[in-house]
Structure formats: C-alpha cells, structure tokens
1. Round to the nearest 0.05 the FRET efficiency obtained for residue 118 and residue 13 when R0 = 25 Å and r is the Cβ-Cβ distance.
2. How far is helix 63-75 tilted, in degrees, relative to the longest principal axis of the Cα atoms in the chain, given as a value from 0 to 90 rounded to the nearest 10?
3. Estimate the FRET efficiency between residue 107 and residue 5 by the formula 1/(1 + (r/R0)^6), using the beta-carbon distance for r and 25 Å for R0, to the nearest 0.05.
4. What is the P(r) of segment 7-80, as percent of Cα-Cα pairs per 5 Å bin from 0?
5. Below 8 Å, C-alpha to C-alpha, sequence gap of six or more: please give me the relative contact order for the chain in percent.
6. State the antiparallel share, in %, of DSSP beta bridges confined to segment 2-165, rounding to the nearest 5.
7. Roughly how tilted is helix 148-165, in degrees to the nearest 10 and between 0 and 90, from the longest Cα axis of the chain?
8. Among (1) 8.7; (2) 10.4; (3) 9.4, which one is mean projected area of the Cα convex hull in nm² computed from these coordinates?
C-alpha cells in the first residue's frame, strides 16, 4: 500500500491535538469522476473548491461500511469498491488536526436516493459534479492558492494519480 505524508505549509504551525481517520473515494461512473462541490465561508476562508467523496470512520465501522455510508450520504449513489489505492496522512494546523485518509477506487452503480446532508454539510456541500480525466487533472493541479484548497488538492491529486497508475 502506498503511503504519503503532507505537511500544512499554508497555515501557522500549531500543535496537533487530535487525529481523525477517514475513508475517501476516487469515484468513477463510466468515464467521469464524481467530486463534491464545496463552497465555504468559515475559518478557512471564503472560497470554492472540489473534494473527493468521503468522511470519518465511525466507531466499530469497517472501511467498507464507512465507504458505503459516506457514498450514500454525500451522493445518493450506491457503489462497488474496486480496490484500495493509498493512505495519505496530512495535517491541518488551523484546526490542530492530523487526518489519516484511506483512499479507495469505487465504481458508482446507480443513484438510489437524494443526498442526505447533515445541517453542517448543507452549509458546505453544494452538490456533486462529474468531471472527465482532463478536467480532474486541470482542477486538482491548481495548487498555487495559499488556502485549504491547496491542502485538499495536493491530497486528492496524489490519490487520483495513484488511481490512474493502477488502471
């Protein structure tokens, strides 16, 4: 399993006080890739960016269970786990968190219900977008911004390239 560590070089260094384990997905439907459209106005700033589907692993939940739950909650789609891709550890100094993200390739099968966003997610997630390979690479390669977008894009770009290398 490929492992990668990224360090937050955007926000002022602060001690890390907690760790969060997540599952994240390179989610594919035919020749298109699903991403969440994020529009935020919070402590990280006021901006728009894309992000892979995924989220925290709950207590006593397997990676497979977390993937299926997050997939349904964030997209309304059912999917098939194809393979693990990589594990990425990154830090977010602003919120004093280290995140360990377990990335998987997932094939979307069918949309079975509407999104099921929490109230907090409704303020952040503004829907699902499907992009071509070229569009994904162009968007995620825009690492010049000094914001949370840079931290998310470097993580998601690394995972996406792992996906492309294993196809």
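1. Approximately 0.25, to the nearest 0.05.
2. Taking Cα atoms only, the helix is inclined about 90 degrees.
3. 0.35
4. 3, 13, 19, 20, 19, 15, 9, 2, 0
5. This gives 32 percent for the chain.
6. Counting only bridges with both partners in segment 2-165, antiparallel ones make up about 65 percent.
7. It is inclined by approximately 40 degrees.
8. Evaluating mean projected area of the Cα convex hull in nm² on these atoms matches (3).
Readers should treat all values here as calculations from the given coordinates under stated rules, not as data from a laboratory. Predicted model, so just to flag it, every value in this text is computed and none were measured. Glycine also receives a Cβ, built like all others from the backbone with ideal geometry; neighbour counts cover every protein chain displayed.
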